[in-house]
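Working notes for the structure below.
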Amino acid sequence: MRFVTKNEAVRKSFLEDLRKEGIKFELHERLGYEAFVGYLLEGTLEEISAQIDVIEGADREALREGFLSFRESLNHILEHIKVGERFETLIQEGPWVAELLDQLTRNGAIEYSDGVIKLREGVDVTKLHFEFKFPFNLVHSPESAEKIAKQFAFTDLAMEYEFEILELDIAKINTLGKIASRYFPEDYLLRVYFALIGRSILAGEILKSLGNEKVPEEELVKAFVRASPISIPTEKGTLVINYSPKAVEEVLRFLKRTGYVEIKAGKVKKLKDLV
């Protein structure tokens, strides 16, 4: 169970918060990427809007909605940088910020000093030239669309930071949920959170079943598979934890790795309980 980000500011802040709360984790870094394949329209905001009105072979309605979102995002950034804003504060809002800042930079519209980005005095945004990019699946007739739009492909090689959570303590997992809510989308957070809760509960049940005896691993796995799924009533509803034989084996490996059990000669022995 893990959280993954390519945002360096998120990596730094999330790392500090996890350490502060004493949550067990490992940080893995590897080369990742972002990729986009599609088309772009170029010009002032007014010119791009006019191109969308006449383009053939593409979903105009979807393009209008996308361009409206583009303009709203641009206006949001402009409101921040009219008075000046720190780069690390802006970039935390998402990767789309870097794209818009890059376009403003190429227009010579912003200045950067001591980590603060500010819109240059006297800049008329309506006169700036932008690139509005949209995915290839919005085009159903490339020959027609390419009379106005240009093909565009982008690959960004960037470091990817994976926080593997090693926590089994449910109180700590609840704290983790509150921390992670500041950095990750709710749907992503909830999936990781309940996966961690499910693993913790399954691990606890495995340790309870072991008692003080050495139990053959194969028998232990079969017994838990027969008991699957585990259904737990809560104040707000029901939590159901489903798992496969491989999942039970993986939880056993995790318990061994974190010092809760010993596995030798195909038998499992409990070393300690969950605190």
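The values are calculated or read from the model by the stated rules, or taken from the named source; none is laboratory data. Bear in mind the structure is a predicted one, so any value in this text is a computation, not a measurement. Don't worry about glycine lacking a Cβ; one is built from the backbone with ideal geometry, like all the others, and counts go over all protein chains shown. For the accessible areas, the whole protein counts, side chains as well, though only heavy atoms, and no ligand, DNA or RNA atoms are used. Shrake-Rupley method; radii C 1.70, N 1.55, O 1.52, S 1.80 Å.
Can you tell me the relative contact order of the chain? Whole percent, Cα pairs under 8 Å, sequence separation 6 or more. Across the chain, relative contact order equals 27 percent. Compared with the dominant Cα axis of the chain, that is its longest principal axis, helix 186-210 is turned about 10°. Put simply, the amide H of Ile232, placed in the peptide plane, has neighbours under 5 Å in Leu239, Val240, Ile241, leaving out anything fewer than 5 places away on its chain. Could you tell me how many degrees, from 0 to 90 and to the nearest 10, lie between the Cα long axis of helix 8-21 and the main elongation axis, the longest principal axis, of the Cα atoms of the chain? The helix 8-21 is inclined about 30 degrees to the chain. Here the label points at Val116 and His140, each 7 Å from Cα along the C-beta direction, are separated by 5.1 nm in the simple model. Mind pulling the angle between the C-alpha long axis of helix 217-227 and the longest principal axis of the chain? Nearest 10 degrees, somewhere in 0 to 90. With both axes taken from Cα atoms, the answer is about 70 degrees. Evaluated with a Cβ-only charge set (Lys, Arg +1; Asp, Glu -1), segment 36-150 carries a dipole of roughly 140 debye about its Cα centre, given to the nearest 20.
Note on Glu160 and Val275: their simple-model spin labels are 3.3 nm apart, each label 7 Å out from Cα toward Cβ. Averaging the sequence gap over all C-alpha pairs within less than 8 Å and six or more residues apart, then dividing by the number of residues, gives segment 36-150 a relative contact order of 51 percent.
With a simple spin-label model that places each label point 7 Å from the Cα along the Cα-to-Cβ direction, the separation between Ala153 and Leu40 comes to 1.5 nm. Rolling a 1.4 angstrom probe over the protein heavy atoms with all chains in place gives segment 36-150 an accessible area of 57 Å² per residue. Farthest towards the positive end of the charge dipole of the chain, among the residues Thr105, Ala153, Thr5, is the Cα of Thr5, using unit charges on the Cβ of Lys, Arg, Asp and Glu.
Calculate what fraction, in whole %, of the accessible area of segment 175-222 sits on carbon and sulfur atoms when a 1.4 Å probe is rolled over the protein chains. Taking all protein chains in place, segment 175-222 shows 52 percent carbon and sulfur surface.
May I ask you to list the GluC sites (Glu not before Pro) in segment 214-275 that are in a DSSP loop and have at most 16 other Cβ atoms within 10 Å of their Cβ?
Taking segment 214-275 and a limit of 16 other Cβ atoms within 10 Å, the loop GluC sites (Glu not before Pro) found are Glu235.
Taking a ≥ b ≥ c as the square roots of the eigenvalues of the Cα gyration tensor of segment 1-150, is the shape rounded (a/c under 1.5), prolate (a/b larger than b/c) or oblate? Because a/c hits 1.5 or more and a/b fails to exceed b/c, segment 1-150 counts as oblate. Please report, as a whole percent, how much of the solvent-accessible surface of segment 36-150 comes from carbon and sulfur atoms (probe radius 1.4 Å). Ligands and nucleic acids excluded, carbon and sulfur give 51 percent. Per residue, segment 168-207 exposes 45 Å² of accessible surface when a 1.4 Å probe is rolled over the protein heavy atoms with every protein chain present.
The base-10 log of I(q)/I(0) for segment 140-275, evaluated at q = 0.19 Å⁻¹, reads -1.15 [Debye formula, identical scatterers on Cα atoms, solvent excluded].
Convex hull volume per residue, computed on the Cα atoms of segment 59-131, equals 89 Å³.
Select from Ile117, His28, Ala171 the residue farthest towards the positive end of the dipole of the chain; place +1 on Cβ of Lys and Arg, -1 on Cβ of Asp and Glu, and compute about the Cα centre. Positive-end residue among those listed: Ala171. Working note: Karplus 6.51/-1.76/1.60 with θ = phi - 60° gives segment 246-260 the couplings 5, 5, 5, 4, 5, 5, 4, 4, 5, 5, 5, 4, 9, x, 8 Hz, where Gly and Pro are set to x. Annotation: amide H-H contacts under 5 Å for Ala158 (H modelled 1.01 Å from N, sequence separation of 5 or more, or interchain): Gly32, Tyr33, Glu34. Compared with the alpha-carbon gap, the fully stretched path from Leu15 to Ile170 is longer by 53.9 nm at 0.36 nm per residue. Each listed q (0.07, 0.10, 0.12 Å⁻¹) maps to a log10 I(q)/I(0) for the chain from the Debye sum over equal C-alpha point scatterers, namely -0.43, -0.74, -0.89. A cut-off of 5 Å between modelled amide H atoms, ignoring neighbours fewer than 5 places along the same chain, links Tyr260 with no other residue.
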